[in-house]
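K.L.:
My questions will all concern the structure given below.
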Amino acid sequence: MSAIFLDVLPIFVMILIGWLIVKVGLMKAEVGDALSDFVFKIAVPLLLFRTIAEADFKGASPFRLWIAYFSGVAITWTAAHIAATRFFGRDDRIGVLAGVSSAFANTIFIGLPLVQRTVGDKGLVPLSILIAVHLPVMMIIGTILMERAEHKIAGGPGRSIVAVLRQIASNLVRNPLVIGLAGGALMHLLGWTMPMPVELVVDQIAGVSGPVALISLGMALQQYGTSGNVGIASVTSAFKLLLLPACVWTTSHLLGLESDWTAALVLISAVPTGVNAWLIANRFGVGHSLAASTITLTTALGAITVSFWAYLLG
């Protein structure tokens, strides 16, 4: 267990380094925003492009992987919604935010370097397959449910599902991650290979994606905190760090996924809450403190819980 903890700990130490850089005034938080843009728009898309272009899928179907992961998401999201609305007496909008905060994993900034470090490059294949649909599925579900909750509470004309899907699709086609995945898939299908100079440049840039992502995330944590909603945030944090990976672990075994794919999925599901929960809260102007508190708590406790899941996975 101690060896596993020491393997996982550097991931969160780099987040701490990023937080300290801003906390002591060595750099401004805006520098972290610029690093995040570099990771999201350049480094990670190139990593996904290279991974998909060079992957050997061995005839594996992605559908069992998606079913295993999103079954866990559905259970966790529902449990968090019920906890927020029934036990804490919050409205449906906070119920949706609780579901998002409990089930939206930080796949890019923490999950990707974690899987690469603990499972190895072979874990990047199932991770890339998941990332291909993770953001679209989670954003579509979160936005539609929040639109309906807003309409239920405030009344008035609501946007149709078609209008919501059209807006999300418009955003996705310009998303650098989607572009990187699509480009890699095209290279793979056509059987093309990158010229050596291009491959070296891609490898160099993709290689820094993990460390830079972690440090930039730490630099961004200053804007969050745990102001209010500590009770409900503790529940959503527990669901995120314990319930979601437990569900994904169970469904992966029931569906007979191979060990590397199961390990990648469980570790991804066990990472702290992604910043998209905060973005959805900003978009609809509700639940900021819940999203922020869950992000902070899950990041603070993540080193312990991720090590626990890595230990169970062997």
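The values are calculated or read from the model by the stated rules, or taken from the named source; none is laboratory data. Just so it is clear, the model here is predicted, and its values are computed rather than measured. With ideal geometry, Cβ positions are generated from the backbone for all residues, glycine too; neighbour counts draw on all protein chains shown. When the accessible area is computed, the model is the full protein with side chains, heavy atoms only, and any ligands, DNA or RNA have been set aside. Shrake-Rupley method; radii C 1.70, N 1.55, O 1.52, S 1.80 Å.
K.L.:
Which one is farthest from residue 269 (Cα to Cα), of the residues in the range 295-307 that are surrounded by fewer than 23 Cβ atoms within 10 Å (Cβ to Cβ) and either free of Cβ contacts under 8 Å to residues at least 40 places away in the same chain or of a type in the set (A, V, I, L, M) (or both)?
P.N.:
Per the stated criteria, the residue is 300.
K.L.:
Determine whether the range 48-69 contains at least one residue that is open to solvent by less than 40 Å² (accessible area, probe 1.4 Å), modelled with pLDDT of 95 or more, part of a helix (DSSP H, G or I) and not aliphatic (A, V, I, L, M).
P.N.:
yes
K.L.:
If you take the residues in the range 70-92 that are part of a helix (DSSP H, G or I), under 16 Å from residue 286 (Cα atoms) and of a type outside the set (D, E, K, R), which one is nearest to the chain's Cα centre (by Cα)?
P.N.:
If we filter the range 70-92 for residues that are part of a helix (DSSP H, G or I), which is where we start, we get 70-87, 92.
Restricting the remaining residues to those that are under 16 Å from residue 286 (Cα atoms) gives 81, 84-85, 92.
Then drop every residue that is not of a type outside the set (D, E, K, R), which leaves 81, 84-85.
Details: 81: 19, 84: 22, 85: 24 Å.
Out of the qualifying residues, it is 81.
K.L.:
Could you name every one of the helices (runs of 4 or more DSSP H) located completely within the range 155-251 that has at least 2 residues being exposed (fewer than 12 other Cβ atoms within 10 Å of the Cβ) and free of Cβ contacts under 8 Å to residues at least 24 places away in the same chain?
P.N.:
Numbers: elements: 161-172, 176-190, 196-207, 209-220, 230-238.
Per the criteria, 161-172, 176-190, 196-207.
K.L.:
Hey, among 312, 257, 267, which residue is in a helix (DSSP H, G or I) and either modelled with pLDDT of 95 or more or within 22 Å of residue 134 (Cβ to Cβ) (or both)? So that I can check it myself, show each step before the final result.
P.N.:
Details: 312 fails: either modelled with pLDDT of 95 or more or within 22 Å of residue 134 (Cβ to Cβ) (or both); 257 fails: in a helix (DSSP H, G or I).
Being in a helix (DSSP H, G or I) and either modelled with pLDDT of 95 or more or within 22 Å of residue 134 (Cβ to Cβ) (or both) holds for just one of 312, 257, 267, which is 267.
K.L.:
Please specify each residue of the range 22-47 satisfying the condition of being aliphatic (A, V, I, L, M) and either part of a helix (DSSP H, G or I) or farther than 28 Å from residue 206 by Cα (or both). So that I can check it myself, show each step before the final result.
P.N.:
Taking the range 22-47 first, the residues aliphatic (A, V, I, L, M) are 22, 24, 26-27, 29, 31, 34-35, 39, 42-44, 46-47.
22, 24, 29, 31, 34, 35, 39, 42, 43, 44, 46, 47, listed by residue number.
K.L.:
Looking at residue 29, is it under 28 Å from residue 221 (Cβ atoms) and open to solvent by 20 Å² or more (accessible area, probe 1.4 Å)?
P.N.:
Working: under 28 Å from residue 221 (Cβ atoms): yes; open to solvent by 20 Å² or more (accessible area, probe 1.4 Å): yes.
Answer is yes for this residue.
K.L.:
Would you be able to tell me the number of residues in the range 201-226 that are among the polar types (S, T, N, Q) and at pLDDT below 90? Talk me through it step by step, then tell me what you get.
P.N.:
Here is the first cut: in the range 201-226, the residues among the polar types (S, T, N, Q) are 204, 209, 216, 222-223, 226.
The next check asks that each one be at pLDDT below 90; those that pass are 222-223, 226.
Going through the range 201-226 one residue at a time, the tally reaches 3.
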